[in-house]
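Just below is one structure, and these are the notes that go with it.
All of the numbers you see were taken from the coordinates with simple rules; none came from a lab. Values in this document were obtained by computation on a predicted structure and should not be read as measured data. Cβ placement follows ideal geometry from the backbone for every residue including glycine, while neighbour counts extend to all protein chains displayed.
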Amino acid sequence: MSKGPSYARALPYDSLQMPDVPKKLIVVGDRVLIAPEEGEERTTVGLYLPPTAMDHQAVQSGRILATGPGTPISEPATLEDEPWRITSPETRFVPMQARVGDYALFFRKAAVEITFESKRYLVVPQAAILVLVRKEDIPLDDL
């Protein structure tokens, strides 16, 4: 006689922590990991944030530490194949505009705050980024 379905027991969170193994944050999809800059009128890269943006915390800024691979795209299908039959050896992605090291100005409401190894980070979707500041040599003719 069976007492009902048997379920696998989940391990407690404490037993999953392994202090000797180094941990790494991996950003997925079209998101970026940002080290936030605390609210100031002028950012470290010289952008001026008006008081209205600072009062309502509508806009925040920070340095991008990691990016996801981008948005996955499906393989183009022919009309005679069913979409579920199409197999591709590797996933293709729409590339990210944001790069590691860029300085980002983004909508605060879209950010998710996380704490990892006692440091505060923000995970922001690329669509919420308003402006990127990148250090690279651009000829003046291209502007």
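Among residues other than M96 whose Cβ falls under 15 Å from its Cβ, what is the net charge (Lys/Arg +1, Asp/Glu -1)?
Details: positive: R31, R92, R99, R134; negative: D30, D102.
Computed value for this residue: +2.
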Using the basic label-point model (7 angstrom from Cα toward the beta carbon), what is the K23 to T91 distance in nanometres? 2.2
